[in-house]
1. Please work out the Cα convex hull volume for the chain and give it in Å³ per residue.
2. Work out the length of the dipole vector of the chain about its Cα centre, built from +1 on the beta-carbon of each Lys and Arg and -1 on the beta-carbon of each Asp and Glu, and round it to the nearest 20 debye.
3. From the backbone phi of the range 68-75, what are the Karplus-calculated ³J(HN,Hα) couplings (6.51 cos²θ - 1.76 cosθ + 1.60, θ = phi - 60°) in whole Hz, Gly and Pro given as x?
4. Taking the dipole about the Cα centre of the chain, with the C-beta of Lys and Arg at +1 and of Asp and Glu at -1, give me whichever of 34, 21, 53 is farthest to the positive side.
5. How high is the relative contact order of the range 23-81, in percent, counting Cα pairs under 8 Å that sit 6 or more residues apart?
6. Based on the Cβ-Cβ distance from residue 63 to residue 13, what FRET efficiency comes out when R0 is 30 Å, to the nearest 0.05?
7. In a GNM of the chain with a 10 Å cut-off on Cα contacts, which of 57, 23, 70 has the highest mean-square fluctuation?
8. Could you check the simple spin-label distance between residue 27 and residue 50, using points 7 Å along Cα→Cβ, in nm with one decimal?
Amino acid sequence: MRQTANFRPVGLASIGLAHYAVINSVWDAARTLLHDWPVDDGEEYFEAVKACLDAIIGDLPPEHVRAVFIRAAQEAGIAVIEAAG
């Protein structure tokens with residue numbers, strides 16, 4: 001990665017995610033999508049996985065991953081708690 005993989009924290013609340021999780025990096029987002037996500041389909045889900053991979057190789061900034069990750073959470077019915085800032 002050409003830059004830091006961190007972004008503003010995103011809180012998720014869902015039974016499938018052990019009730020609550022805080023995601024604050026591309027790596028956390030990728031791991032959550034691939035291992036803990038309640039559904040493995042949907043347009044936003046696939047876009048989020050692709051964004052994580054693109055960010056890992058340096059083609060996307062982490063804040064873009066954050067935005068796509070939030071949309072995927074909303075698509076999956078996961079409550080999103082965004083940090084101010």
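1. Residue-normalised Cα hull volume stands at 73 Å³.
2. Its charge dipole is roughly 320 debye.
3. Listing the rounded values in order: 5, 4, 4, 4, 5, 4, 4, 4 Hz.
4. 21
5. Working: 49 pairs, mean separation 21.6, N = 59.
Relative contact order of the range 23-81: 37 percent.
6. Working: r = 22 Å, r/R0 = 0.73.
Taking R0 as 30 Å, the efficiency between residue 63 and residue 13 is 0.85.
7. Result: 57 has the largest fluctuation of those listed.
8. It works out to 2.6 nm between the two label points.
The numbers here are math on the coordinates, done by the rules we state, and not lab data. Because the structure is a prediction, the values reported are computed rather than measured. Glycine gets a Cβ as well: all are built from the backbone with ideal geometry, and neighbour counts include every protein chain shown.
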